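Trainee: For reference, the structure I am asking about is given below.
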Amino acid sequence: MNTASLLVFDALLMLTLVGLAWAALAGSDERLSVILFIAFGLVLAVAWARLLAPDVALAEAAIGAGLSGALLLSAVGSRPRGASRTRASSMQNHTEEGNTRVLQWTITLLCAALAGILAWALLHALDIGPTDMLPQAISANLATSGVSNPVTAVLLNFRAYDTLLELAVLLAAVLGIFALGPATPGYQPAGPVFDGLVRWLVPVLILTAGYLLWVGAHAPGGAFQAGAMLAAAGVVLRLSGRSSIGLPNGLTLRIVMAAGVGMFLLVGLTLLVLGRPFLGYPPAWAGTLILMIETAAMLSIAATLLLAFHGGRPKSHALAARTESANAATSNTCNEEQTP
Amino acid sequence: MINLLSAILVLAGVFFYLAGSIGLLRLPDLYSRLHALTKADNLGLGLLIAGLALHMQDVFIVLKLLLIWLAVLAASATSAHLIARQARRREAGS
């Protein structure tokens, strides 16, 4: 009875996922597609939780649904309303329309190929599943990893190289964001209700980030989830019209952006100098080193995600404060006139 | 006894969720939909969390569940307010 009802639940979950994905891709209203994408991310997080992968579920809910959703919504919102996909393509001439079609078909074919490969890999994995030695190898070496959460042990110790390169990818991404030019203008100051929420939500988010970072050593959590929480605090601050807080300024921002990769390299190279392998932590120090790297990585991840939401190089604070005070006088009238 | 109480609470929560969802689908305009959705769902989540909390051995987990409820209460009240205010502004503008 219990397994049967779980099976029904799983089937419903999968059908909902496919349905949401289809609806998000097939609709012509971009705003609706984004909202469906957020719902898709949340249901996907539930699916990960059902697969007993709470670390991935947390990351999917925070980054996949939450921050990507905010990013996409602000991207859709910054474009004039009514510029939907179908209208935009009908405005263009035939060659461009043909190009769009070729592009769509290419993407569809590539996605189908990827899905095929994934299905093959899944079948293959199901085939060899129980004889795979990786989980046993991880649990056998968990005691020397410095942490008791196997996911953190893999990400920050056994396969620390991969995480270092992931952070390097994030650094490259943030450089790309900087290359886009100045950040998009901030939002109007929020009304009293939203402002009241922000005032206690932001401290709670920062506290949650610290908790997730700390708890990552022995339970689901870690730098990525904690960084997403910090970035969410920054997004909420920006949405409430506080453009002068949330991100540090100038050199500090650059240090924060590079902190993850920097701390990783510092630890790795120091260990090399001391005659150990690159990122081969001594077991007695592993816990401390992992916490140091994760703290730096959390700051970098948060800065990267938040800068993505800003959509470019942030203005200097002095300038932002001046513009804000200049706007303050006219903000009331602006608020009334702003009709999306 | 605890199982029974917990089941009653969770079922009551599900009932309010169902009522809220039906309200979202069936009610005529945005304001009454918001009313149905936020009020019923917040109560539903509260009952659900009360039902789950009865099963938790650790007080810390109960506190975390309570924090989730409070966060959702504040977030849904605020977003309902923002949506309603935006809709009123649009009505006044058109």
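The values are calculated or read from the model by the stated rules, or taken from the named source; none is laboratory data. What you are looking at is a predicted structure, and each value in this text was computed from that prediction instead of being measured. So basically every Cβ, Gly included, is an ideal-geometry build from the backbone, and we count neighbours across all protein chains shown. Ligands, DNA and RNA are stripped out before the accessible areas are found, and what is left, the full protein with its side chains, is counted by its heavy atoms. Shrake-Rupley method; radii C 1.70, N 1.55, O 1.52, S 1.80 Å.
Trainee: So, restricting to helices (runs of 4 or more DSSP H) that lie completely within the stretch A:143-256, which ones have at least 1 residues that are basic (Lys, Arg)?
Mentor: Ranges flagged: A:192-215, A:223-239.
Trainee: Can you find even one residue in the stretch A:194-206 that is within 19 Å of the chain's Cα centre (by Cα), open to solvent by 30 Å² or more (accessible area, probe 1.4 Å) and under 20 Å from A:Ala286 (Cα atoms)?
Mentor: no
Trainee: From the list B:Ala40, B:Ala19, which one is modelled with pLDDT of 90 or more and surrounded by 13 or more Cβ atoms within 10 Å (Cβ to Cβ)?
Mentor: B:Ala19
Trainee: Could you tell me whether B:Leu24 is within 14 Å of the chain's Cα centre (by Cα) and either part of a loop (DSSP other than H, G, I, E, B) or over 30 Å from B:Glu91 (Cα atoms) (or both)?
Mentor: No.
Trainee: In the stretch A:159-191, what residues are surrounded by fewer than 19 Cβ atoms within 10 Å (Cβ to Cβ), within 19 Å of A:Leu291 (Cβ to Cβ) and in contact (Cβ under 8 Å) with a residue 12 or more places away in the chain?
Mentor: A:Tyr161
Trainee: While we're looking at this one, here's another question. Pick from B:Leu52, B:Leu65, B:Leu73: which is of a type outside the set (Gly, Ala, Ser), at pLDDT 90 or above and open to solvent by 60 Å² or more (accessible area, probe 1.4 Å)?
Mentor: Being of a type outside the set (Gly, Ala, Ser), at pLDDT 90 or above and open to solvent by 60 Å² or more (accessible area, probe 1.4 Å) holds for just one of B:Leu52, B:Leu65, B:Leu73, which is B:Leu52.
Trainee: Could you count how many residues in the stretch A:1-40 are surrounded by 14 or more Cβ atoms within 10 Å (Cβ to Cβ), of a type outside the set (A, V, I, L, M, F, W, C), modelled with pLDDT under 95 and assigned to a helix (DSSP H, G or I)?
Mentor: Of the residues in the stretch A:1-40, 3 are surrounded by 14 or more Cβ atoms within 10 Å (Cβ to Cβ), of a type outside the set (A, V, I, L, M, F, W, C), modelled with pLDDT under 95 and assigned to a helix (DSSP H, G or I).
Trainee: Quick one: A:Gly262 ticks every box in (1) crowded, with 21+ Cβ neighbours inside 10 Å; (2) within 22 Å of the chain's Cα centre (by Cα) bar one, so which box is it?
Mentor: (1)
Trainee: If you take the residues in the stretch B:1-16 that are modelled with pLDDT of 90 or more and among the β-branched types (Val, Ile, Thr), which one is surrounded by the fewest Cβ atoms within 10 Å (Cβ to Cβ)?
Mentor: Within the stretch B:1-16, the subset modelled with pLDDT of 90 or more is B:4-16.
Narrowing the set further to residues that are among the β-branched types (Val, Ile, Thr) leaves B:8, B:10, B:14.
Values: B:Ile8: 12, B:Val10: 19, B:Val14: 14.
It comes out as B:Ile8.
Trainee: Mind listing whichever residues of the stretch A:41-52 are without any contact (Cβ under 8 Å) to a residue 24 or more places away in the chain and open to solvent by 40 Å² or more (accessible area, probe 1.4 Å)?
Mentor: A:Leu42, A:Trp48, A:Ala49, A:Leu51, A:Leu52
Trainee: Given (1) away from chain A (no Cβ under 14 Å); (2) modelled with pLDDT of 90 or more, where does B:Leu30 come up short, assuming only one miss?
Mentor: (2)
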